[in-house]
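All remarks here apply to the structure that follows.
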Amino acid sequence: MALERNYLHLDGGLHLHFRSGGNCNADRGFPMVLLHPSPRSSRLLEPFGGMLTSHFQAFLPDLFGYGQSDPLPAPVTSLHDYLPYLKQAFDKWGLQRFGLYGSATGAQLAIAFANSYPESVAHLFLDNAAEFTDHQRTDILNRYFVDATPQANGSHVAALWAHIRQSIYAFPWYSEREEDCIRTEKLPDAVEAAICADILTDYLIAGPHYADAYWAAFDHERAENVLKLTVPTTIFRWAGSPILTYIDQLTQHSFPAHIQVQDIPVVGRYEAMLATIIQQLKP
């Protein structure tokens with residue numbers, strides 16, 4: 001089902017862009033909210049959101065400062081800076097309790113939201129949620145982000161392109177270690193260029209502050225934040241994830257019974273996650 005695009009007007013003159021679809025019939029169970037990775041936008045999750053609308057009412061917001069949503073009025077210091085504005089948006093949508101899915105940055109934001117507003121979350125679904133050691137986190141926070149300040153000669157675009165291109169092949173993108181390699185074979189030039197161009201679009205739309213939520217998510221990526229959760233939670237572990245090593249660092253912990261880890265295949269990944277969401281949220 002195609003998703004509609006709209007804007008929500010929030011306090012302080014903020015505009016939140018979002019995609020939505022489905023309807024709120026009682027037999028559809030809880031509505032779903034999907035939070036995207038940064039510096040991408042809800043555009044990335046549109047195919048999955050479309051699948052969900054056959055079963056649920058679904059909302060896919062662009063996080064503040066990404067896609068077509070306004071940035072927050074004050075500098076971002078942590079993921080918690082986003083939470084009151086997201087809660088306001090969910091309230092305006094009339095969402096009292098809902099399923100919450102997040103991928104990468106979106107997963108960390110979803111964890112922070114569920115810990116702050118557990119009464120709102122019927123079930124939490126975490127995709128590409130990981131843990132980093134203090135050493136790994138420090139290294140990433142110091143080296144991962146490329147300066148996107150506009151330069152007259154366009155060198156910032158070339159730097160971003162190189163960063164994105166290398167991210168296709170390694171995580172972290174700057175690593176030359178064999179164990180950090182994502183794929184060993186180079187993609188055809190046309191395919192590689194198309195992927196880079198698509199991702200670069202979201203970087204340039206977000207602008208020099210593209211790293212705000214990204215940085216805050218890396219800083220939040222700690223097992224202790226997952227262990228604090230009191231809501232029913234499913235952690236998806238899929239073999240094709242570029243951060244599988246760090247997902248496994250998270251899932252090696254012993255979780256309480258309300259936090260489950262589910263293996264997801266590479267082929268049919270979204271179908272498998274959809275089946276789990278239906279199982280957990282349908283009446």
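The values are calculated or read from the model by the stated rules, or taken from the named source; none is laboratory data. It should be emphasised that the depicted structure is a prediction, and the values quoted were computed from it without experimental measurement. Reconstructed Cβ throughout: ideal geometry from the backbone, glycine too, with neighbour counts over all protein chains shown.
Looking at the stretch 173-192, which of its residues are outside any loop (DSSP other than H, G, I, E, B) and either surrounded by 11 or more Cβ atoms within 10 Å (Cβ to Cβ) or in the same structural domain as Pro242 (by TED's automatic domain parsing) (or both)?
Selection gives Asp180, Cys181, Val191, Glu192.
Would it be correct to say that Ala272 is over 30 Å from Thr138 (Cβ atoms) and either in contact with a strand residue (DSSP E or B) (Cβ under 6 Å, 6 or more places away or on another chain) or buried (at least 19 other Cβ atoms within 10 Å of the Cβ) (or both)?
In short, yes.
Tally the residues that are at pLDDT below 95 and among the small types (Gly, Ala, Ser), restricting the search to the stretch 51-73.
Residues that pass the stated criteria total 1.
Within 24 Å of Leu86 (Cβ to Cβ) and out of contact with any Pro (no Cβ under 8 Å at 6 or more places or on another chain) - does that describe any residue in the stretch 145-163?
yes
Being among the aromatic types (Phe, Trp, Tyr) and out of contact with any Pro (no Cβ under 9 Å at 6 or more places or on another chain): is that true of Tyr85 here?
Details: among the aromatic types (Phe, Trp, Tyr): yes; out of contact with any Pro (no Cβ under 9 Å at 6 or more places or on another chain): yes.
Yes, satisfied.
Across the stretch 234-283, what is the number of residues that are under 23 Å from Ala58 (Cα atoms), part of a loop (DSSP other than H, G, I, E, B) and either in contact with a Phe, Trp or Tyr (Cβ under 7 Å, 6 or more places away or on another chain) or small (Gly, Ala, Ser) (or both)?
Of the residues in the stretch 234-283, 1 are under 23 Å from Ala58 (Cα atoms), part of a loop (DSSP other than H, G, I, E, B) and either in contact with a Phe, Trp or Tyr (Cβ under 7 Å, 6 or more places away or on another chain) or small (Gly, Ala, Ser) (or both).
So if I check each of Ile195, Ile199, which one is assigned by TED's automatic domain parsing to the domain that holds Arg165, under 15 Å from the mean Cα position of the chain (by Cα) and either buried (at least 20 other Cβ atoms within 10 Å of the Cβ) or assigned to a helix (DSSP H, G or I) (or both)?
Result: Ile199 is the single residue among Ile195, Ile199 that is assigned by TED's automatic domain parsing to the domain that holds Arg165, under 15 Å from the mean Cα position of the chain (by Cα) and either buried (at least 20 other Cβ atoms within 10 Å of the Cβ) or assigned to a helix (DSSP H, G or I) (or both).
Conditions (1) in contact with an Asp or Glu (Cβ under 8 Å, 6 or more places away or on another chain); (2) of a type in the set (Phe, Trp, Tyr), marked per residue:
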{"residue": "Phe64", "(1), (2)": "yes, yes"}
{"residue": "Gln68", "(1), (2)": "yes, no"}
{"residue": "Tyr85", "(1), (2)": "no, yes"}
{"residue": "Leu95", "(1), (2)": "no, no"}
{"residue": "Gln108", "(1), (2)": "yes, no"}
{"residue": "Ala114", "(1), (2)": "no, no"}
{"residue": "Pro118", "(1), (2)": "no, no"}
{"residue": "Asp127", "(1), (2)": "no, no"}
{"residue": "Asp134", "(1), (2)": "no, no"}
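Would it be correct to say that Ala170 is outside the structural domain of Ala239 (by TED's automatic domain parsing) and surrounded by 13 or more Cβ atoms within 10 Å (Cβ to Cβ)?
Yes, satisfied.
Can you confirm whether the stretch 236-244 contains a residue that is more than 27 Å from Ala74 (Cα to Cα), among the β-branched types (Val, Ile, Thr), out of contact with any His (no Cβ under 9 Å at 6 or more places or on another chain) and without any contact (Cβ under 8 Å) to a residue 24 or more places away in the chain?
no
Evaluate the following for Phe18: is it assigned to a loop (DSSP other than H, G, I, E, B) and over 22 Å from Leu160 (Cβ atoms)?
Working: assigned to a loop (DSSP other than H, G, I, E, B): no; over 22 Å from Leu160 (Cβ atoms): yes.
No, not satisfied.
I need every pair where a residue in the stretch 140-162 that is more than 12 Å from Leu200 (Cα to Cα) has its Cβ under 6 Å from the Cβ of a residue that is of a type in the set (Ser, Thr, Tyr) and at pLDDT 95 or above, sequence separation at least 6 or different chains.
Final answer for the pair search is Arg143/Tyr174.
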